[in-house]
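Okay, so here's the structure we're looking at.
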Amino acid sequence: MTVPGPGRRLRFTFDGVSLEAIAGQSVAAALWAAGFRALARAPRSGAPRGPFCAMGVCQDCLLLVDGVAVESCRVAVREGLVVERPERPA
Amino acid sequence: MSEYDLAVVGGGPAGAAAAIEAAGLGLRCLLFDEGSDAGGQVYRPPAFAAATGGPDAAAGAALRAGLAGSAVERAFGHRVWFAGPAAEAAGFELQAVGPEGNRRVTARALLAAAGTSERVFPCAGWTLPGVTGLAAATILLKSQKVLPGRRVVVAGCGPLLPLVAVGILELGGAVAALVDLNGPADWLAALPGLAARPDLALRGLGWLARLRRAGVPLYTRWGVRAVSGREAVEAVEIGPVEADWRPSRQRPALRIEADALCLGHGLLPASELTRLLGAAHAYRPEAGGWLPVLDEAGRTSLPLLYAAGDGARLLGAGAAPLAGRLAALAAARDLGRLSEAAFAQRAAPLRRRLRRAARFGTAMARLCTPRPGLVEGLGADAVACRCEELTRGELGAAIAAGAGSLAALKAATRCGMGPCGGRLCNATAHALLAAAGRSAAEIGAPSARPPLRPVPLAALTGSFDYADVPIRELSPR
Ligand SMILES: Cc1cc2nc3c(=O)[nH]c(=O)nc-3n(C[C@H](O)[C@H](O)[C@H](O)COP(=O)(O)OP(=O)(O)OC[C@H]3O[C@@H](n4cnc5c(N)ncnc54)[C@H](O)[C@@H]3O)c2cc1C
Ligand code: FES
């Protein structure tokens, strides 16, 4: 799922792991491309959830980005961004 | 006095064209969109240089250039979360969260051009990571250049099926199966409408040829039965369906190894704004569901409130700018800025073109008109409401116990009260109620209340009751 092609590369961290994204990509898309799809947990069962709607509706991509809870599908990656899962899927 | 003559919510083809038309007629016009630029879903501003090309990219660039050359005041990066009658002047008050926090404006007239979200009917296992909407997949593919998976099942109905499948091939992925609820007869029935846009029909044929060349297995009148996997999608079970899209009992299912499923059943008009303001709505399943009642120029039942684009009627991207411009003309007319004669003269050709464009869009939307078997064939354990994790069985029990409307079902189960605001479960809840014999009038339109869209806590400043914001709680580990 890596993304070939042009575009300036940026680095950010996800749960402490350093990852690369293309400038302009959303946090959710960059994580998806890097193989991280389970981002959130279901409210009752705790089952893993991942980006589903890609447009700010489902909230299954909610992450802490620089400490603030946001829809990661609607936030562009910036250099040095610190992204964390509030609850890590096992 | 209102700050603006016209506020437009949504900078897709409908809202952007409306704003340009209105500003051209001398109206002080403010255009809101939560995106970084105009273009909407179909002409999304490319996220980066690599994500360009194709006829949609050119149309999007033209739309953005037209807007840049106009007198329209643009408020991008703003998510409108409140609309109501203005307290201090005739007209409307809007509130939007943007980069600088909350912004409150007043406008004499208001156009809702909020487009659509996606309708996905549930199946067992559809909450696993790796399952995305079909329209969601177009976002990943077109503006993010990310593959949904290496081996993807593409399933559901409508024109996004071949679009997504071809998009996956173009980025180097494999399509494990294309699974279409519609059969050849359903597509044949759409032909007269397709003839209204031979260019788009040809594009569709080109996609099909591309899929055939790549050897993509095509299953028509088939549907997804279940998705399985531990932490993410590992396999998708598909099988034939009956004419009403219920899983066929006679014929066996097929298990396909895949790491992603793109699943979608058409688009869902975002009519929250007009519902929140109390305009009259009617249930029109073939045009998207609960929609504002409109006259030929996009006027709702309330004075100076208009609606256009796919958020008002699923007529497609070709029709959206025409409907938007008509609504702008109507607003100018109703604000006394255009004579009746000038209005009639400008509106007539737009109406003609709109009728033609609508034929194509309507044919496409009809391919996705929900059929009852989709939910009736759903197992009791399948999650029907993602936010609250309610199963079909739980909703069914509440309906059997007497919940006969969306509102009653919501009160009984919390279905629709989660952060999605009901966008992901209302269609399912409606279908389950209809399957239990309730009429659309009994089921009722989903209630709309602020915030219209989820508003991140951190973005809000000023006087606002945090308890009203239905964003999901994040509990630290
Ligand atoms: C995800 C997705 C992908 C699609 N891809 C295609 C495609 O590839 N090809 C195709 O022909 N059709 C596609 N469609 C259908 C397409 O949306 C329409 O035909 C066309 O874009 C309709 O134009 P519109 O102006 O009515 O709405 P849209 O283009 O959807 O524009 C609505 C705009 O309103 C904004 N908005 C909504 N609510 C708010 C709010 N509260 N505050 C601020 N802004 C708001 C949105 O950000 C959006 O930009 C897609 C639809 C979806 C949902
Ligand atoms: S993927 Fe649905 S809100 Fe981000």
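The values are calculated or read from the model by the stated rules, or taken from the named source; none is laboratory data. Bear in mind the structure is a predicted one, so any value in this text is a computation, not a measurement. Positions of Cβ are backbone-derived with ideal geometry, glycine not excepted, and every protein chain shown enters the neighbour counts. What goes into the accessible areas is simple: the full protein's heavy atoms, side chains included, and nothing from ligands, DNA or RNA. Shrake-Rupley method; radii C 1.70, N 1.55, O 1.52, S 1.80 Å.
Collect the residues in the range A:5-33 that are surrounded by 12 or more Cβ atoms within 10 Å (Cβ to Cβ), aliphatic (A, V, I, L, M) and over 19 Å from B:Gly130 (Cα atoms), keeping them in residue-number order.
A:Leu10, A:Leu19, A:Ala21, A:Ile22, A:Ala23
Taking the options B:Ala196, B:Ala155, B:Ala136, B:Ala176, name whichever one is in contact (Cβ under 8 Å) with a residue 40 or more places away in the chain, part of a loop (DSSP other than H, G, I, E, B) and on the phi < 0 side of the Ramachandran plot.
Being in contact (Cβ under 8 Å) with a residue 40 or more places away in the chain, part of a loop (DSSP other than H, G, I, E, B) and on the phi < 0 side of the Ramachandran plot holds for just one of B:Ala196, B:Ala155, B:Ala136, B:Ala176, which is B:Ala196.
Just one of (1) in a loop (DSSP other than H, G, I, E, B); (2) in contact with a helix residue (DSSP H, G or I) (Cβ under 9 Å, 6 or more places away or on another chain); (3) touching a residue at least 60 places away in the same chain (Cβ under 8 Å); (4) within 28 Å of B:Arg221 (Cβ to Cβ) trips up B:Leu424, so point out which.
(2)
Any idea how many residues of the range B:3-40 are in a loop (DSSP other than H, G, I, E, B), touching a Ser or Thr at 6+ places or on another chain (Cβ under 8 Å) and either free of Cβ contacts under 8 Å to residues at least 60 places away in the same chain or buried (at least 22 other Cβ atoms within 10 Å of the Cβ) (or both)?
0
Suppose we filter B:Ser463, B:Ser439 for residues that are polar (S, T, N, Q) and either modelled with pLDDT of 95 or more or more than 26 Å from B:Glu93 (Cα to Cα) (or both); which single one remains?
Matching residue, one of B:Ser463, B:Ser439: B:Ser439.
Kindly indicate whether any position in the range B:272-295 is modelled with pLDDT under 95 and touching an Asp or Glu at 6+ places or on another chain (Cβ under 9 Å).
yes
So, in the range A:58-78, exactly how many residues are more than 12 Å from ligand 2 (Cβ to nearest atom), facing another protein chain (nearest Cβ under 8 Å) and among the β-branched types (Val, Ile, Thr)?
1
Given the criteria within 13 Å of ligand 1 (Cβ to nearest atom), open to solvent by 10 Å² or more (accessible area, probe 1.4 Å) and either out of contact with any helix residue (DSSP H, G or I) (no Cβ under 9 Å at 6 or more places or on another chain) or not polar (S, T, N, Q) (or both), does B:Gln144 qualify?
It is false that B:Gln144 is within 13 Å of ligand 1 (Cβ to nearest atom), open to solvent by 10 Å² or more (accessible area, probe 1.4 Å) and either out of contact with any helix residue (DSSP H, G or I) (no Cβ under 9 Å at 6 or more places or on another chain) or not polar (S, T, N, Q) (or both).
Rundown of residues vs (1) open to solvent by less than 40 Å² (accessible area, probe 1.4 Å); (2) of a type in the set (A, V, I, L, M); (3) within 16 Å of ligand 1 (Cβ to nearest atom), yes/no style:
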position: B:Leu277; (1), (2), (3): yes, yes, yes
position: B:Gly288; (1), (2), (3): yes, no, yes
position: B:Glu296; (1), (2), (3): no, no, no
position: B:Thr300; (1), (2), (3): yes, no, yes
position: B:Ala308; (1), (2), (3): yes, yes, yes
position: B:Gly316; (1), (2), (3): yes, no, yes
position: B:Ala327; (1), (2), (3): yes, yes, yes
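Could you grab me the full set of residues in the range A:15-54 that are assigned to a helix (DSSP H, G or I) and either more than 7 Å from chain B (Cβ to nearest Cβ) or farther than 27 Å from B:Pro45 by Cα (or both)?
A:Val27, A:Ala28, A:Ala30, A:Leu31
With within 23 Å of A:Cys53 (Cβ to Cβ), out of contact with any strand residue (DSSP E or B) (no Cβ under 7 Å at 6 or more places or on another chain) and either in the same structural domain as B:Pro129 (by the TED database) or touching a residue at least 60 places away in the same chain (Cβ under 8 Å) (or both) as the only criterion, which of B:Gly266, B:Gly223 stands out?
Matching residue, one of B:Gly266, B:Gly223: B:Gly266.
Can you tell me which residue within the range A:40-52, out of those that are away from ligand 2 (no atom under 13 Å from the Cβ) and in contact with a strand residue (DSSP E or B) (Cβ under 8 Å, 6 or more places away or on another chain), is most open to solvent (accessible area, probe 1.4 Å)?
Per the criteria, the residue is A:Arg41.
Which of the following residues is at pLDDT 95 or above and surrounded by 17 or more Cβ atoms within 10 Å (Cβ to Cβ): A:Arg85, A:Arg37?
Only one candidate passes the filter, namely A:Arg37.
Residue by residue through the range A:38-90, note down the ones that are among the hydroxyl-bearing types (Ser, Thr, Tyr) and within 10 Å of the chain's Cα centre (by Cα).
Once the filter is applied, which keeps residues that are among the hydroxyl-bearing types (Ser, Thr, Tyr) and within 10 Å of the chain's Cα centre (by Cα), the range A:38-90 yields only A:Ser72.
Conditions tested, residue by residue: (1) outside any strand (DSSP E or B); (2) more than 25 Å from B:Ala427 (Cα to Cα); (3) within 14 Å of chain A (Cβ to nearest Cβ); (4) open to solvent by 40 Å² or more (accessible area, probe 1.4 Å).
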| residue | (1), (2), (3), (4) |
| --- | --- |
| B:Gly215 | yes, yes, no, yes |
| B:Val224 | no, no, no, no |
| B:Val227 | no, no, yes, no |
| B:Glu231 | yes, yes, yes, yes |
| B:Ile238 | no, no, no, no |
| B:Ala243 | yes, no, no, yes |
| B:Cys262 | no, no, yes, no |
| B:Ala282 | no, no, no, no |
